[in-house]
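The values are calculated or read from the model by the stated rules, or taken from the named source; none is laboratory data. This one's a predicted model, so the numbers in the text were calculated from it and none came from an experiment. We place every Cβ from the backbone using ideal geometry, glycine too, and count neighbours over all the protein chains shown. Quick note on the areas: whole protein, heavy atoms, side chains included, nothing else; ligands and nucleic acids left out. Shrake-Rupley method; radii C 1.70, N 1.55, O 1.52, S 1.80 Å.
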Amino acid sequence: MPLAGLMHELAVLALTAHGVTLLVSRAPRPVPRAWAVTVAAVVTGLVQPVPRSAAQAEQAAWIAVPVRLPS
């Protein structure tokens with residue numbers, strides 16, 4: 001999951017889906033605790049790279065419209 005988060009920050013949303021699944025399935029108490037530890041580790045690992053990638057978003061901001069090939 002940390003690698004997926006480094007590749008694309010929105011991949012971390014999969015953790016939310018897993019958390020909802022844990023709540024709905026009423027998993028035994030150690031399972032949500034392990035999930036929470038994992039989420040904390042992943043989010044902690046992404047604290048530094050996310051602001052950097054947000055700053056790089058302006059590199060493509062000059063692109064006004066998508067390129068369309070003639071048909």
Residue pairs qualifying under the 6 Å Cβ cut-off, at least six apart or on distinct chains, with the first in the range 14-38 being farther than 12 Å from residue 1 by Cβ and at pLDDT 90 or above and the second being open to solvent by 90 Å² or more (accessible area, probe 1.4 Å) and assigned to a helix (DSSP H, G or I), are none
Residue, nearest to the chain's Cα centre (by Cα), within the range 1-45, restricted to residues that are of a type in the set (S, T, N, Q), within 30 Å of residue 56 (Cβ to Cβ) and surrounded by fewer than 14 Cβ atoms within 10 Å (Cβ to Cβ): 16
